[in-house]
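Asks: Questions regarding the structure given below will be posed in turn.
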Amino acid sequence: MKLHQEIAVKKNYHTLLVLALILLPALILWHLALRPSYPAVPASPARQLSEKLLLVPLDGRPPCRQFVLDAGRIAGFDLITPPSTIQDYYSQPGDTQALQTWLQENIAGSNGIILSVDQLLYGGLLAAREKEKTPAEREAMIQFLRSLHAAHPEVPIYAFSILPRQTPQDTIDGYQERKDLLAYSRLKGRQAAGLSINEAELSRLEAAIPPGQSEPLSGPFPGKRGTESGAHPAGQ
């Protein structure tokens, strides 16, 4: 019985060996000669950048600068930004005069400009929240954009600005001061819109808020309103 089992095992072994010797050359032949081949495709194929756009970002944070550059390349746009040395850096404002010079030197040959008014006028978002510009300074920036467009009418200018948030800035530490400023801003907004308000509460808040902290929240942001109304005609 044991002898018969050994003979059967040897037969199975020889059968498998013969099948392997037959199939292996066949697989090698199919791989080398018969298997269809496809051209290799790179994981990130190079995209042809069709248009050149100048970008003056809101600030230097990745969502405002690097993410926009990446999205532009995906869409086929070559976005050019000013050197980081003249843009804002954390709490340090950008060099607005240098930004104007950069625009003048690079607009030729571009297909359009996307620019942040807050960067061009104030030096970035943070600077726009913490300081004001005089009417003369705002008008000078508007005239610069109009002159730039007049010199290159074929290049559209897409200017945008950010409305200041109603929440008081983080540089105000006191909880009650921030609460009073928020309430004061709401009342002044309603008053500017011609709605009825509690005049006694407004007077109380005006007396409670330290001098100088309520001016940026007085009315519907008159300084920024002047900027927005003047910036858009440059791109028309």
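Read the figures in this text as sums done on the coordinates, not as results from a lab. Everything numeric here is computed off the predicted structure, so don't read it as measured data. Cβ: placed from backbone, ideal geometry, glycine included. Neighbour counts: every protein chain shown.
Asks: Measuring from label point to label point, each 7 Å out along Cα→Cβ, what is the ALA98 to SER84 span in nm?
Replies: Computed distance between label sites ALA98 and SER84 equals 1.3 nm.
Asks: Extending each Cα 7 Å along its Cβ direction at ALA192 and ALA207, get the distance between those two points in nm, one decimal.
Replies: In this crude spin-label approximation the distance works out to 2.5 nm.
Asks: Shape verdict for the stretch 175-217, please, from the Cα gyration tensor: rounded (a/c under 1.5), prolate (a/b greater than b/c) or oblate.
Replies: prolate
Asks: Report the one residue of ILE74, LEU49, VAL117 whose Cα lies farthest in the direction of the positive end of the charge dipole of the stretch 43-165 (charges on C-beta: Lys and Arg +1, Asp and Glu -1; origin at the Cα centre).
Replies: Selected residue: ILE74.
Asks: Multiply the residue gap between TYR175 and THR15 by 0.36 nm, knock off their C-alpha separation, and tell me the result in nm, one decimal place.
Replies: Value of the extension gain: 48.8 nm.
Asks: Simple spin-label model, 7 Å along Cα-to-Cβ: GLU154 to LEU23 in nm?
Replies: 6.9 nm
Asks: Normalised by the number of residues in the stretch 175-217, what is the relative contact order in percent for Cα pairs under 8 Å and 6+ residues apart?
Replies: 52 percent
Asks: Net charge around ALA183, counting only other residues with Cβ within less than 12 Å of its Cβ (Lys, Arg = +1; Asp, Glu = -1)?
Replies: Once all neighbours under 12 Å are counted, the net charge is +2.
Asks: May I ask you to compute the full-extension gain from LEU49 to ARG129, defined as 0.36 nm times their residue separation minus their alpha-carbon distance, rounded to one decimal in nm?
Replies: Between LEU49 and ARG129, full extension yields an extra 25.2 nm.
Asks: What dipole magnitude, in Debye to the nearest 20, does the stretch 175-217 give about its Cα centre under +1 on Lys/Arg Cβ and -1 on Asp/Glu Cβ?
Replies: Rounded to the nearest 20 debye, it is 160 debye.
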